[in-house]
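Step one of this worksheet: look at the structure below.
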Amino acid sequence: MDARATFGGGVAVITGAGNGIGAGLARHAAGLGMTVVLVDVDADAIAALREELPGSTDVVCDVRDPEALEAVAAQVYSDIGPVRLLVNNAGVEQFGYLWDIPVANWDRLVDINVSGVFYGIRAFLPRMVAADTPAWVWNLSSIGGVVAMPLQTPYIMSKHAVLALPECLRLEVELAGHADQTHVQAVLPG
């Protein structure tokens, strides 16, 4: 597949775009000629990246808020156009013995790493399917999605979930008859 031919000219929405893998994917998508929508809770980070990537747009949004992601999707489709690439990348880590993890930290991690992916899919996938053009949904898991490690149990558990979620979703997209245009994948950096 020629990535520039496949993705160039399309719109990419990347959550957790403020730093790390998300920022790297945003730079790569822009290099392919995509219009990039940078989504993150860190307004300063995505504003700086927007300055670096002409033609990109930054949207402050917490992926734990399904209504906020729905508003982002509506805004993107209204103001920019159909999304060719959705990257559900936002994620956080938590270290320590599982029995010592505060409940609030557990809830935050699950809300961002797992529910944030679900909310992103709910907000964008129906619009991507309705556009009836080739589209990709990438859900960032991790090498942690296929291994077990001590002292990172919440993170590892969440990345196992983010590996299973797109595998099941891909089957549902097939079952609904949309697999020819809508491609769902888990991405495991590392």
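The values are calculated or read from the model by the stated rules, or taken from the named source; none is laboratory data. Given the structure is predicted, the values throughout are model-derived calculations rather than measurements. FYI the Cβ positions are ideal-geometry reconstructions off the backbone, even for glycines, and counts take in every protein chain you see. Please note that ligands, DNA and RNA were not included when accessible areas were found on the heavy atoms of the full protein model with its side chains. Shrake-Rupley method; radii C 1.70, N 1.55, O 1.52, S 1.80 Å.
Quick look at the values:
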{"item": "Selected residue [farther than 25 Å from Gly8 by Cβ and in contact (Cβ under 8 Å) with a residue 24 or more places away in the chain] from Pro66, Pro102, Pro82", "result": "Pro66"}
{"item": "Flag for Leu125 being buried (at least 19 other Cβ atoms within 10 Å of the Cβ) and farther than 16 Å from Ile14 by Cβ", "result": "no"}
{"item": "Residue identified as among the hydrophobic types (A, V, I, L, M, F, W, C) and surrounded by fewer than 23 Cβ atoms within 10 Å (Cβ to Cβ) among Val87, Val92", "result": "Val92"}
{"item": "Single condition Val146 does not satisfy, out of (1) open to solvent by 10 Å² or more (accessible area, probe 1.4 Å); (2) at pLDDT 95 or above; (3) of a type in the set (Val, Ile, Thr); (4) under 15 Å from Val162 (Cα atoms)", "result": "(2)"}
{"item": "Test: Gln152 is more than 19 Å from Gly22 (Cα to Cα), among the polar types (S, T, N, Q), touching a residue at least 40 places away in the same chain (Cβ under 8 Å) and open to solvent by less than 40 Å² (accessible area, probe 1.4 Å)", "result": "yes"}
{"item": "Residue ID - nearest to Val184 (Cα to Cα), chosen from residues in segment 111-161 that are touching a strand residue (DSSP E or B) at 6+ places or on another chain (Cβ under 7 Å) and among the β-branched types (Val, Ile, Thr)", "result": "Val137"}
{"item": "Given (1) more than 20 Å from Ala186 (Cα to Cα); (2) crowded, with 16+ Cβ neighbours inside 10 Å; (3) small (Gly, Ala, Ser), number of the condition Gly16 does not satisfy", "result": "(1)"}
{"item": "Complete set of residues in segment 19-62 that are open to solvent by 10 Å² or more (accessible area, probe 1.4 Å), β-branched (Val, Ile, Thr) and touching a helix residue (DSSP H, G or I) at 6+ places or on another chain (Cβ under 8 Å)", "result": "Thr57, Val59, Val60"}
